[in-house]
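Asks: First the structure, which I've put down as structure tokens, then a few questions once you've had a look.
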Amino acid sequence: MFAKQEPEVIISHWLQNMSYAAQHLRETAEVVSGLDAELCEKAVQDLASVRDRGGRLFILGVGGSAANASHAVNDFRKIAGFEAYAPTDNVAELTARTNDEGWLSVFVEWLRTSRLNSKDGVLVLSVGGGNLEKNVSPNLVAALQFAKQVGATIVGIVGRDGGYTAKVADICIVIPTPNPANITPHAEAFQAVIWHLFVSHPKLKRQQTKWESTV
């Protein structure tokens, strides 16, 4: 006869013996189940309003999120018909501003030169969302302060607690954190899931994507 074990003991033992791949995928499923579909719908509506009033969309991100911003610009332009830009795509201007003026102001000065205004939208892709006290992505904070000042629509897709972005955005989707050791990989991966949801949404999608059009 085997001694009876409590369910939490069995689960704990199972988790300890789970492969990392299984653990990561299990966490991914938890992230999906924790996302707010209604909030995503509201974000789509805000973005549609930006496009309908002739506004532009500026997508901000640093590190892996900068690469995501570049991909997202393509999708918003090609699939959803936005006039969209990512400051990090212009390496010459980005490095010139960093060299001459400092990292803190690279985004806000780019937006100022682009004459960001109340018709436009800013989409922030970030793990932390910006935090001046911790000196995390202060360039995002400066850009968002300017965006609020001119009345631009702000949408965020962020991880952890969302940082400054979650405090000031009109809509902010915070990626759930099932494992504090994997905040960054899940946040950056699900930025892509969410923006692909946006551009695939019937309220935003204007052009059929290649593989779907060949079916």
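Asks: Taking 7 Å along the Cα-to-C-beta vector as the label spot, tell me the residue 133-residue 99 distance in nanometres, rounded to one decimal.
Replies: Once both label points are built, they end up 3.7 nm from each other.
Asks: May I pose another question? Over the chain, what is the relative contact order in whole percent, taking alpha-carbon pairs under 8 Å and six or more residues apart? Don't jump to the answer; show the numbers that get you there.
Replies: On the way: 336 pairs, mean separation 49.6, N = 215.
About 23 percent, as a whole number.
Asks: Probe radius 1.4 Å, ligands and nucleic acids left out: which of 77, 56, 115 has the largest accessible area, and how do the rest follow?
Replies: Details: 77 110, 56 45, 115 180 Å².
So the residues, ranked largest to smallest area, are 115, 77, 56.
Asks: Among 47, 35, 21, which residue has its Cα furthest toward the positive end of the charge dipole of segment 20-65, with +1 on Lys/Arg Cβ and -1 on Asp/Glu Cβ?
Replies: The residue sitting most towards the positive pole is 47.
Asks: Could you run the Karplus curve 6.51 cos²θ - 1.76 cosθ + 1.60 with θ = phi - 60° over segment 173-184 and give me ³J(HN,Hα) per residue in whole Hz, x for Gly and Pro?
Replies: 9, 9, 6, x, 10, x, 9, x, 7, 10, 4, 5
Asks: Report which label in (1) 19.6, 76; (2) 19.1, 57; (3) 20.7, 70 holds the value of Rg and Dmax of the Cα atoms in Å derived from the coordinates of this structure.
Replies: Only one listed value fits the structure, namely (1).
Asks: Also, quick follow-up: Subtracting the Cα-Cα distance from 0.36 nm times the residue separation, let me have the gained length for residue 211 to residue 145 in nm, one decimal. Show your work: numbers first, answer last.
Replies: Details: separation 66, 0.36 × 66 = 23.76 nm, distance 4.03 nm.
Using 0.36 nm per residue and subtracting the Cα-Cα distance, I get 19.7 nm.
Asks: Quote the relative contact order of segment 76-157 in percent (integer), defining contacts as alpha-carbon pairs under 8 Å separated by 6+ residues. If you can, show how the numbers build up before the last one.
Replies: Numbers: 89 pairs, mean separation 23.7, N = 82.
Contact order relative to length: 29 percent.
Asks: Further question on the same structure: Out of all DSSP beta bridges in the chain, what portion is antiparallel? Express it as a percent rounded to 5.
Replies: Numbers: 1 of 17 bridges.
For the chain, the DSSP antiparallel bridge percentage is about 5.
Asks: What ³J(HN,Hα) values, in whole Hz, does the Karplus curve 6.51 cos²θ - 1.76 cosθ + 1.60 give for segment 151-167 when θ = phi - 60°, with x put for Gly and Pro?
Replies: Values per residue, Gly and Pro as x: x, 6, 6, 10, 10, x, 10, 9, x, 6, 9, x, x, 5, 4, 5, 6 Hz.
Asks: Treating only the Cβ of Lys, Arg, Asp and Glu as charged (+1, +1, -1, -1), what charge dipole size does the chain show about its Cα centre? Round to the nearest 20 debye. Write out the running numbers ahead of the final one.
Replies: On the way: 20 positive and 22 negative charges, 118 e Å.
The calculation lands at about 560 debye.
Asks: Additional query: Hey, can you grab everything whose amide H is under 5 Å from the amide H of residue 56? Only 5+ residues off in sequence or another chain; H modelled, so Pro and N-termini drop out.
Replies: Those lying under 5 Å, H to H, from residue 56 are 120, 121.
Asks: Take 35, 123 and sort them by solvent-accessible surface of the protein heavy atoms, 1.4 Å probe, largest at the top. Please report the intermediate quantities before stating the final value.
Replies: Details: 35 40, 123 0 Å².
My answer, sorted largest first, is 35, 123.
Asks: Normalised by the residues of segment 25-118, what does the relative contact order come to in percent, with Cα pairs under 8 Å and at least six apart? If you can, show how the numbers build up before the last one.
Replies: Working: 57 pairs, mean separation 18.0, N = 94.
Over segment 25-118, the number comes to 19 percent.
Asks: Once you list every other residue whose beta carbon is under 14 Å from the beta carbon of residue 190, what net charge do they have if Lys and Arg are +1 and Asp and Glu are -1? Mind showing how you got there, number by number?
Replies: On the way: positive: 160; negative: 27, 30, 36, 188.
Net charge around residue 190: -3.
Asks: Run the dipole for segment 120-197 about the Cα centre, Lys and Arg Cβ at +1, Asp and Glu Cβ at -1, nothing else charged, and hand back the magnitude in debye, nearest 20. Don't jump to the answer; show the numbers that get you there.
Replies: Details: 4 positive and 5 negative charges, 22 e Å.
The dipole of segment 120-197 has a size of about 100 debye.
Asks: In the structure shown, do any of 42/148; 167/210; 78/134; 134/167; 78/203 have a Cα-Cα gap over 26 Å, and if so which? Numbers along the way, then the final one.
Replies: On the way: 42/148 19 Å; 167/210 38 Å; 78/134 37 Å; 134/167 16 Å; 78/203 15 Å.
From 42/148; 167/210; 78/134; 134/167; 78/203, over 26 Å: 167/210; 78/134.
Asks: 222 nm [θ] for the chain, helices only, -39500 (n - 2.57) per DSSP H run of 4+, per residue, to 500? Display every interim value, and only then the final one.
Replies: Values: 10 runs with 116 residues, N = 215.
Rounded to the nearest 500, it is -16500 deg cm²/dmol.
Asks: With every protein chain in place, what's the accessible area of residue 38 (1.4 Å probe, Å², nearest 10)?
Replies: 120 Å²
Asks: Calculate the spin-label point distance for residue 67 paired with residue 91, positioning each point 7 Å from the Cα along the beta-carbon direction, and give it in nanometres.
Replies: 1.4 nm
Asks: I'd like the accessible area for residue 171: 1.4 Å probe, protein heavy atoms, all chains in place, Å² to the nearest 10.
Replies: 20 Å²
Asks: Sticking with this structure for a sec: Any idea which of 157, 207, 139 is furthest toward the positive side of the dipole for the chain, if Lys and Arg beta-carbons carry +1 and Asp and Glu beta-carbons -1?
Replies: 207
Asks: Give a residue-ordered list of calculated ³J(HN,Hα) values for segment 84-90 (Karplus: 6.51 cos²θ - 1.76 cosθ + 1.60, θ = phi - 60°; whole Hz; x for Gly, Pro).
Replies: 10, 8, 10, x, 6, 6, 9
Asks: Whenever you get a sec, line up 197, 116, 94 from highest to lowest accessible area (probe 1.4 Å, protein heavy atoms).
Replies: Details: 197 70, 116 10, 94 35 Å².
If we order 197, 116, 94 from most to least accessible, we get 197, 94, 116.
Asks: Take the alpha carbon gyration tensor of segment 113-212, find the square roots of its eigenvalues, order them as a ≥ b ≥ c, and report rounded if a/c is under 1.5; if not, report prolate when a/b exceeds b/c, else oblate.
Replies: Working: a/c = 2.42, a/b = 1.10, b/c = 2.20.
Since a/c reaches 1.5 but b/c is at least a/b, the shape of segment 113-212 is classed as oblate.
The values are calculated or read from the model by the stated rules, or taken from the named source; none is laboratory data. Keep in mind that this is a model prediction, so the values were computed, not measured. Cβ atoms come from the backbone with ideal geometry, glycine included; neighbour counts cover every protein chain shown. The accessibility values were calculated without ligands, DNA or RNA, using every heavy atom of the protein model including side chains. Shrake-Rupley method; radii C 1.70, N 1.55, O 1.52, S 1.80 Å.
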